[in-house]
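The next block holds one structure in the form of structure tokens; read it before the comments.
The values are calculated or read from the model by the stated rules, or taken from the named source; none is laboratory data. Just so you know, these numbers come straight off a predicted model, no measurement behind them. Counting neighbours? That spans all protein chains shown, and the Cβs are built from the backbone with ideal geometry, glycine included.
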Amino acid sequence: MSYPESHYLSPVWRDGLFNGKVAFITGGNGTICSMQARALVRLGANACIVGRNVEKTDKAAKDIAAVRPGAKVIGIGACDVRNAEHLKNAADRCAKELGGIDFVIAGAAGNFIAPMDGLSTNAFKSVMDIDVLGTFNTIKATLPHVLRSPTPRIVYVSATFHYTGLVMQSHVSAAKASVDSLMASVALEYGPRGVNSNVIAPGAIEGTEGMERLGGSAAKKPGNALVREIPSGRMGTVRDIADATVYLFSEAGSYVNGHSLVVDGAAWRRQPAF
Ligand code: HXC
């Protein structure tokens with residue numbers, strides 16, 4: 001599917017900002033990550049996106065490549081982030097075909113709504129495995145390549161649920177807390193070798209699979225209760241997340257390391273009215 005550039009990128013960035021850079025993106029055919037990928041590719045990067053579904057991943061790669069003539073975007077399907085070997089093969093192939101890996105987006109995630117007593121051990125473990133083990137596997141597989149880049153950057157797509165805890169999201173909250181922790185450890189261990197490791201924590205982003213799963217169709221109506229509770233007065237957009245990613249990967253973000261960049265219109269800070 002094609003989108004106008006304004007859907008995924010603000011008109012403030014310089015053309016060619018990421019010329020010669022290569023991005024490796026898990027969850028790359030998802031609603032948020034595919035727009036992050038478009039933004040990077042539009043600004044000059046080549047990219048490799050990995051996903052579980054072969055057809056969807058191939059199609060997403062083609063759609064993303066279409067944003068810039070000459071862009072190279074590889075789609076690697078049948079890649080489950082829970083499988084370290086899948087990821088190693090994907091990262092090695094990306095580096096071989098595109099010449100290295102400069103930027104990583106660890107975006108693959110699992111989510112569904114369930115109360116704690118409705119979660120089987122396996123249900124809890126499935127989300128922990130996708131989010132936490134998947135992030136660890138992504139770091140392990142890409143680090144050898146990333147460490148050769150002059151501008152090594154990693155961004156993890158997390159959430160804000162774990163700042164407070166959230167009903168029906170105990171599994172995701174626990175998983176995202178761990179993702180934030182992995183981000184900090186990478187910043188400390190590999191900062192001295194030039195790696196910047198940061199989380200982006202999206203709030204309620206309209207039109208995303210996550211929002212469909214959490215907010216359903218009610219969230220789409222103007223003036224809905226969810227929007228009224230967001231201090232900035234609107235839902236987030238995929239462009240908000242893509243712009244934050246461009247900032248962190250650009251030279252402007254070069255001293256930002258070990259940080260969680262919350263992009264949620266201050267929603268998580270809101271106290272209930274008394
Ligand atoms: C309770 C559930 C459940 C539900 C699945 N399970 N859905 N339990 N309520 N609604 C249980 C199953 O019964 C099973 O446990 C276990 O979870 C694993 O389910 P499977 O379907 O076998 O696993 P799998 O095929 O690996 O799928 C993983 C998944 C699925 C997480 C369950 O939803 C998935 O693939 N999701 C990936 C895509 C996704 O979620 N995208 C949204 C990301 S958005 P038993 O005991 O029966 O074996 C996002 C938003 C973050 O993360 C925050 C944004 C602000």
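Results for (1) touching a helix residue (DSSP H, G or I) at 6+ places or on another chain (Cβ under 8 Å); (2) crowded, with 20+ Cβ neighbours inside 10 Å; (3) touching a residue at least 12 places away in the same chain (Cβ under 8 Å), shown as yes or no for each residue.
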| residue | (1), (2), (3) |
| --- | --- |
| Thr142 | yes, yes, yes |
| Leu147 | yes, no, yes |
| Pro150 | no, no, yes |
| Thr164 | yes, no, yes |
| Gln169 | yes, yes, yes |
| Asn196 | yes, yes, yes |
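With in a helix (DSSP H, G or I), away from the ligand (no atom under 16 Å from the Cβ) and more than 18 Å from Asn137 (Cβ to Cβ) as the only criterion, which of Leu9, Leu40 stands out?
Sole residue among the options that is in a helix (DSSP H, G or I), away from the ligand (no atom under 16 Å from the Cβ) and more than 18 Å from Asn137 (Cβ to Cβ): Leu40.
If Ala109 passes every condition in (1) outside any loop (DSSP other than H, G, I, E, B); (2) within 15 Å of the ligand (Cβ to nearest atom); (3) surrounded by 19 or more Cβ atoms within 10 Å (Cβ to Cβ) but one, which one does it miss?
(1)
Cβ-Cβ distance below 6 Å, separation of 6 or more or different chains: which pairs start in region 252-269 with a residue that is at positive phi and end on one that is among the hydrophobic types (A, V, I, L, M, F, W, C) and not in a loop (DSSP other than H, G, I, E, B)?
From residues that are at positive phi, the pairs are Gly258/Ala184; Gly258/Ala187.
Picking from Arg68, Arg52, which residue would you name as being part of a loop (DSSP other than H, G, I, E, B), within 16 Å of the ligand (Cβ to nearest atom), farther than 21 Å from Gly236 by Cβ and among the basic types (Lys, Arg)?
None of the other options fit; the residue is Arg52.
I'm told Ser178 meets every condition in (1) in contact with a helix residue (DSSP H, G or I) (Cβ under 7 Å, 6 or more places away or on another chain); (2) part of a loop (DSSP other than H, G, I, E, B); (3) small (Gly, Ala, Ser); (4) more than 10 Å from the ligand (Cβ to nearest atom) except one. Can you identify the failing condition by its number?
Answer for Ser178: the failing condition is (2).
Determine, yes or no, whether Lys88 is within 16 Å of the ligand (Cβ to nearest atom) and either more than 27 Å from Val186 (Cβ to Cβ) or at pLDDT 95 or above (or both).
no
Restricting to region 112-150, name every residue that is among the hydroxyl-bearing types (Ser, Thr, Tyr) and part of a helix (DSSP H, G or I).
Of everything in region 112-150, those that are among the hydroxyl-bearing types (Ser, Thr, Tyr) and part of a helix (DSSP H, G or I) turn out to be Thr121, Ser126, Thr135, Thr138, Thr142.
Restricting to region 120-129, give me the number of residues that are more than 6 Å from the ligand (Cβ to nearest atom) and surrounded by 10 or more Cβ atoms within 10 Å (Cβ to Cβ).
Of the residues in that region, 4 qualify.
Tally time: how many residues in region 65-91 are among the aliphatic types (A, V, I, L, M), in contact with a Ser or Thr (Cβ under 9 Å, 6 or more places away or on another chain) and within 21 Å of Ala109 (Cβ to Cβ)?
6
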